[in-house]
Amino acid sequence: MWPPDAEPEPDPESAHGPRSGRTVPGLRALLPARAFLCSLKGRLLLAESGLSFMTFICYVVSSASAFLTVPLLEFLLAVYFLFADAMQLNDKWQGLCWPMMDFLRCVTAALIYFVISITAVAKYSDGAYKAAGVFGFFATIVFAIDFYLIFNEVAKFLKQGDSGNETTAHRTEEENSNSDSDSD
């Protein structure tokens, strides 16, 4: 079952007719594709949103109003990027620099989660604070992995662009030097 098979199983509804009261086909369009959820980026975004939600719930239970906003904000941003990547909004909205936004989101989330997790574990003795701190440390690791992978992709893209510019610049220099030596 995990990872998905290359050939999908036949739909049981098509053989027996549609089931009444199940799911509306229009709502299925809102769900991310299974292929995306099985990809590395999809798994990371699912882990980020799940850990952020669990951390938020732990802080709600412990009544730590000072720490509530970070997990909630990161949960909402992770869900937004999950659906934005799944619906391929980065192809539709070309004006936004999606990799940079995702990179900044992951860097800030990792740093802030690390700080509030240390504070929650060291300063408070409540069990919910400790659980939130542990979930926060796991979220820090997941966000750090995500921003490391995004950084590598962006660096690889920029290297390919620079190597193309270097070869054209090198060719122009050679042509200019050859034209100077021919004139003598």
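The values are calculated or read from the model by the stated rules, or taken from the named source; none is laboratory data. Computed from a prediction, not measured in an experiment: that's the story for all the values here. Cβ coordinates were reconstructed from backbone atoms using ideal geometry, including for glycine residues, and neighbour counts include every protein chain displayed. Accessible surface areas use protein heavy atoms only, side chains included; no ligands, DNA or RNA. Shrake-Rupley method; radii C 1.70, N 1.55, O 1.52, S 1.80 Å.
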Taking the residues in region 118-147 that are loosely packed, with under 14 Cβ neighbours inside 10 Å and assigned to a helix (DSSP H, G or I) as candidates, determine which candidate is modelled with the highest pLDDT. A122
In region 45-84, how many are of a type outside the set (A, V, I, L, M), at pLDDT 90 or above and open to solvent by 70 Å² or more (accessible area, probe 1.4 Å)? 1
Cβ-Cβ under 6 Å pairs, at least 6 apart or on other chains, region 116-134 side closer than 17 Å to S52 by Cβ, far side in a loop (DSSP other than H, G, I, E, B) and open to solvent by 20 Å² or more (accessible area, probe 1.4 Å): I116/F67
So A86 passes all but one of these: (1) over 23 Å from Y59 (Cα atoms); (2) touching a residue at least 40 places away in the same chain (Cβ under 8 Å); (3) more than 11 Å from the chain's Cα centre (by Cα). Which condition number does it fail? (3)
Residue within region 21-39 that is modelled with pLDDT of 70 or more and either under 24 Å from V121 (Cα atoms) or open to solvent by 90 Å² or more (accessible area, probe 1.4 Å) (or both) present: yes
